[in-house]
Amino acid sequence: ISTSSAGAGGVVNVITKDGTLVTSFYLAKTGSWQKWDIKKVTLDKKTIKRIAGKNDITLQFIGPSGYLFNIKWFMFK
């Protein structure tokens, strides 16, 4: 995931359609809305096996009020 933030930063929860929390990670502020950072999140083998196949997901953004961060791209590999 590529992000930037001059705001507070925050937490991203990745949730499946049935409400299962896949992973949760923190995105820190980068100091500028134009200073981009790449955050890599690795899932353990047990989680990968549990969610294998095609899934609809929801990204839930959590943080204090105001602007948290920008997302430039989000990729699964």
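The values are calculated or read from the model by the stated rules, or taken from the named source; none is laboratory data. Since we're looking at a predicted model, the values are computed, not measured. Ideal geometry is used to build each Cβ from the backbone, glycine not excepted, and the neighbour counts take in all protein chains shown. Only protein heavy atoms, including side chains, enter the accessible area calculation; ligands, DNA and RNA are left aside. Shrake-Rupley method; radii C 1.70, N 1.55, O 1.52, S 1.80 Å.
Scanning the stretch 28-57 for residues that are surrounded by 10 or more Cβ atoms within 10 Å (Cβ to Cβ), in a loop (DSSP other than H, G, I, E, B) and at pLDDT 90 or above turns up A28, K29, T30, G31, K39, V41.
Within the stretch 7-27, if we keep just the residues that are part of a loop (DSSP other than H, G, I, E, B) and without any contact (Cβ under 8 Å) to a residue 60 or more places away in the chain, the residue that is most open to solvent (accessible area, probe 1.4 Å) turns out to be K17. Suppose we filter the stretch 58-77 for residues that are in a strand (DSSP E or B) and closer than 20 Å to A8 by Cα; how many remain? Matching residues across the stretch 58-77 total 8. Please go through the stretch 64-77 and give me each residue that is out of contact with any Leu (no Cβ under 9 Å at 6 or more places or on another chain) and open to solvent by less than 70 Å² (accessible area, probe 1.4 Å), ordered by number. Within the stretch 64-77, G66, N70 qualify.
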